[in-house]
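Data first, discussion second: the structure below is written as structure tokens.
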Amino acid sequence: MNKDYYKLLGVQKSASEEEIKKAYRRLAHQYHPDKAGGNEKKFKEISEAYQVLSDKKKRTFYDNYGTAEPSGFSAGQNPFSGFSGQGGFGGFSGGQNAGFGGQEFSFSDFGDMGEMFENFFEDLGVKPRRRTYQRGSDIEVLQEITLEEAFRGAMKNLKIRLSVSCKDCKGQGSDASAGSKTCDACNGQGEVREKRDTFFGSFSQVKACSRCRGSGKIPNKICGTCKGSGRLVGERSLELEILPGIQDSQIIKVKGMGEAGELGTPTGDLYVRIKVKLHPAFERRADDLVVRKELNIFDLLLGKKIEVGTVSGGKLNVEIPAHFNLKDDLRIHGEGMPHFGSFGRGDLLVNFIVKAPKKLSSRAKEILEDLEKNQ
């Protein structure tokens, strides 16, 4: 049974991208497995829902068919029910290298289900155009930040060396004005049939033509800069916004900023994994911060206020409550890390370390003895 991603995130089907993002951030913070009371299974479910609903193509497919992937069709579903045109299959026409909705299309994008569809259309005398060009790769980079930057948020300028689209040919790999010719290896079919003899008999296999890469055409003039690939090694610069309260190892997805695809195919995505550096004074526990504070026994006995530093750079004068157990952490509400994508902050926990004096004078001992008798 397919999952109701809208219900998982607690939003309406008409929710905007921003509403979906806010709902995900709130629930991810609530169910994060590193938090007390977190739920790993629930966290994975809402993450899965967000991955689908935050992607326009996946969301459209999910809204139409109740699944995010073509392989998720259940019996009785018709993935082509929305197509119009003669015979109910709009965008297709007979003959070689027919298009799909005016766009280059490959059923290989849909795995095993795509192969079944392709065979189905070939039986109808319709041959979809084969495409073997590769979408750009997704890449992941590591970005270190300080605890203070995680607290207040930050803007980081990233420079990444990767494959970028060739500017000279605009990623096409050739000079479009020079035209093209029919591929003589496949006679413009875009595919070749290979026959193999085995112990069990002869088998034929249809494969995309390796020379024209399934297009059926050979450009008359290859781009000299990228040697026909449509891409080359370069550098991509971008400004990355890091929101307050981000967690260590949290990943930020930047759509379309990965490696360039082949011959104008879509660019991959960039995933930035955040590494929050250890802090010399504060230890982070989810959205709470722990700070250790040495405590003089005389300050404790005299009820003096204790000065404690905060991650924002401020100072707090803390009064230790009567009958407080010094083995416990003193909790100061609202002085921890911001809740990521939400309102409010965690708490600051003060861990006291009581230090006894090196030596007591006779007078000090008498005062302490009198104090003990009068308790």
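The values are calculated or read from the model by the stated rules, or taken from the named source; none is laboratory data. It should be emphasised that the depicted structure is a prediction, and the values quoted were computed from it without experimental measurement. Backbone-built Cβ (ideal geometry, glycine too); neighbour counts: all protein chains shown.
Matching residues to (1) at pLDDT below 70; (2) not basic (Lys, Arg):
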{"position": "Glu122", "(1), (2)": "yes, yes"}
{"position": "Gln134", "(1), (2)": "no, yes"}
{"position": "Glu148", "(1), (2)": "no, yes"}
{"position": "Lys170", "(1), (2)": "no, no"}
{"position": "Ser204", "(1), (2)": "no, yes"}
Report summary line: If we keep only residues of segment 247-276 that are of a type in the set (D, E, K, R) and under 27 Å from Gly37 (Cβ atoms), then the residue surrounded by the fewest Cβ atoms within 10 Å (Cβ to Cβ) is Lys275
Query raised in the report: Is segment 333-342 home to any residue that is at pLDDT 95 or above, of a type in the set (A, V, I, L, M) and under 28 Å from Gly153 (Cβ atoms)?
Result: yes
Report task. Please state which one of Ser215, Ser204, Ser180 is more than 30 Å from Ser342 (Cβ to Cβ), touching a Pro at 6+ places or on another chain (Cβ under 7 Å) and among the hydroxyl-bearing types (Ser, Thr, Tyr). Result -> Ser180
Report task. Can you confirm whether segment 31-41 contains a residue that is surrounded by fewer than 11 Cβ atoms within 10 Å (Cβ to Cβ), more than 27 Å from Ser215 (Cα to Cα), at pLDDT 85 or above and within 22 Å of the chain's Cα centre (by Cα)? Result -> yes
Query raised in the report: Could you count how many residues in segment 332-367 are crowded, with 16+ Cβ neighbours inside 10 Å, without any contact (Cβ under 8 Å) to a residue 60 or more places away in the chain and among the small types (Gly, Ala, Ser)?
Result: 1
Report task. Only residues that are surrounded by fewer than 11 Cβ atoms within 10 Å (Cβ to Cβ) and in contact with a Gly (Cβ under 8 Å, 6 or more places away or on another chain): list them for segment 302-331, please. Result -> Lys315
Query raised in the report: In segment 183-217, what residues are within 20 Å of Thr265 (Cβ to Cβ) and in a strand (DSSP E or B)?
Result: Glu191, Lys207, Ala208, Lys217
Query raised in the report: Does at least one position in segment 284-294 carry a residue that is among the small types (Gly, Ala, Ser), in contact (Cβ under 8 Å) with a residue 60 or more places away in the chain and surrounded by 15 or more Cβ atoms within 10 Å (Cβ to Cβ)?
Result: yes
Query raised in the report: Regarding Arg285, is this residue of a type in the set (Lys, Arg) and more than 30 Å from Ser229 (Cα to Cα)?
Result: yes
Requested in this report: With the checklist (1) among the charged types (D, E, K, R); (2) over 16 Å from Gly261 (Cα atoms); (3) touching a strand residue (DSSP E or B) at 6+ places or on another chain (Cβ under 6 Å) in hand, flag the one item Glu148 doesn't pass.
Outcome: (3)
Query raised in the report: Taking segment 183-212 on its own, how many of its residues are loosely packed, with under 10 Cβ neighbours inside 10 Å and either closer than 20 Å to Gln134 by Cα or of a type in the set (S, T, N, Q) (or both)?
Result: 4
